[in-house]
Structures are given as structure tokens and as C-alpha cells.
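See below for the structure under consideration.
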Amino acid sequence: EGMTTGVHLTGDVMLDATRMFADAAASKLDSLSVCGHPPETYCVATVHRAENTDDPERLRSIFDGLGRISGPVVVPLHPRTRSRISGITVPGNVEIRDPAGYLEMLTLVRHARMVLTDSGGLQKESLWLETPCITLRNETEWVETCEGGWNQVVGADADAIVAAAAQMPKLPVPSFAAPGASKRIAAILRDLQ
């Protein structure tokens, strides 16, 4: 936007929060206590964006794709989506759950085989927690998460969802900036005084 003075590159405070709260969650919770499944034996999915929930065909196709993935798919379901799935047959492997709190969600993601989501933030959190992600949208704001196949953008097509789930990443997790944005922001604010 043309601003060049007084601008500071600090990093992502969401990374700081994810690392801090994931460590807190790890000291209190495990996947068995949160969802009843051992680590790496389940997938976790979230669907809440209007582009998916307000279009019955997209929503049906997403649930069809989830149903064709092997093993349980834990879905902490947003109230918006819950109100829209009444006409959809939920596949047997898809486990509809109440929405999860932040620590529970971090635990689910950290121990999942993969994440399938239309959430912007969850795409980043899954990669920071080293869990492959499939984005149930036609685009992502976080293109860096797609390096090495760790995030695959597939839209709502059931076949594309299944194909992406079959392709696990082959390269190491992309390297993201180290946490510390919060400390850098605090230091900048101190200097401004």
C-alpha cells in the first residue's frame, strides 16, 4: 500500500501462539483422551466456509470424499455446518463431534494422519505441527504451505480429495520462520517509547 517507513518485519504471532499452546496441550492431553483414537490412526476435518456450507452439492461432495478416505475422520463440526448436513448421508467412517476447544483442536491436529479443512488458520497450524493438510477450497492465501505437497488445494471435488489423501508428502516439512514475533513486537514498542 505504499507504506515504507515505520514498517517492521516481525514474523507471525500465530506461530508463537501455536507453539506455546501446543506445548501446553501436550502436557495435559493426548489423542486418546480427546477423540478416542491413537496417534496417526485418524484424520481430522473441518468445514465451515459459506462457499462449502451454503452449496449443498459442494458439501455433499466433500462428505463423499471424506467417506472414501481409509480410517476414521474426526469432524468437530461447526454449528453452521451442522445445520446444513441434515439432507446429507454422513459416511460411516466420519465421526461428527461437537466443536473442539483450542487445546483439544491442537491435540487433534498434532496427532492426526492428515487434516482436511477449509480454514485459513488451520492450514498453517497443521504444517507447524507437521501434519499434512488438504485444503477444501479452490485457493489458499498461504501458498508457502504447499511446498513439498504438505498442503494440497483440492476444492470440493470428492475424487480430488481422495487422490490428495493418497499422496503423502515426500519432502521434509517446509522451514518456517522461528517463533519470536511477539518478542520482536514488544521490543519495537519499547523502542518507540
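The values are calculated or read from the model by the stated rules, or taken from the named source; none is laboratory data. These numbers come from a predicted model, not from an experiment. All Cβ positions, even for glycine, are placed from backbone atoms using ideal geometry, and neighbour counts span all protein chains on display. Side chains are part of the model used for accessible areas, which takes the heavy atoms of the whole protein and leaves out ligands, DNA and RNA. Shrake-Rupley method; radii C 1.70, N 1.55, O 1.52, S 1.80 Å.
With respect to the conditions (1) modelled with pLDDT under 90; (2) open to solvent by 80 Å² or more (accessible area, probe 1.4 Å), Ser182 falls short on a single one, namely (2).
Look at Asn52 and say whether it is open to solvent by 10 Å² or more (accessible area, probe 1.4 Å), on the phi < 0 side of the Ramachandran plot and of a type outside the set (Gly, Ala, Ser).
Numbers: open to solvent by 10 Å² or more (accessible area, probe 1.4 Å): no; on the phi < 0 side of the Ramachandran plot: yes; of a type outside the set (Gly, Ala, Ser): yes.
No: the conditions fail for Asn52.
Within region 55-73, if we keep just the residues that are assigned to a helix (DSSP H, G or I) and of a type in the set (A, V, I, L, M, F, W, C), the residue that is surrounded by the most Cβ atoms within 10 Å (Cβ to Cβ) turns out to be Ile62. In region 123-144, of all residues being among the polar types (S, T, N, Q) and surrounded by 23 or more Cβ atoms within 10 Å (Cβ to Cβ), the one that is farthest from Ser70 (Cα to Cα) corresponds to Gln123.
Going through region 164-177 one residue at a time, which ones are open to solvent by less than 70 Å² (accessible area, probe 1.4 Å) and either in contact with a Lys or Arg (Cβ under 8 Å, 6 or more places away or on another chain) or among the aliphatic types (A, V, I, L, M) (or both)? Passing the criteria: Ala164, Ala165, Val173, Ala177. Exactly one residue out of His37, His48 is in contact (Cβ under 8 Å) with a residue 12 or more places away in the chain, under 15 Å from Ser119 (Cα atoms) and not in a strand (DSSP E or B), and it is His48.
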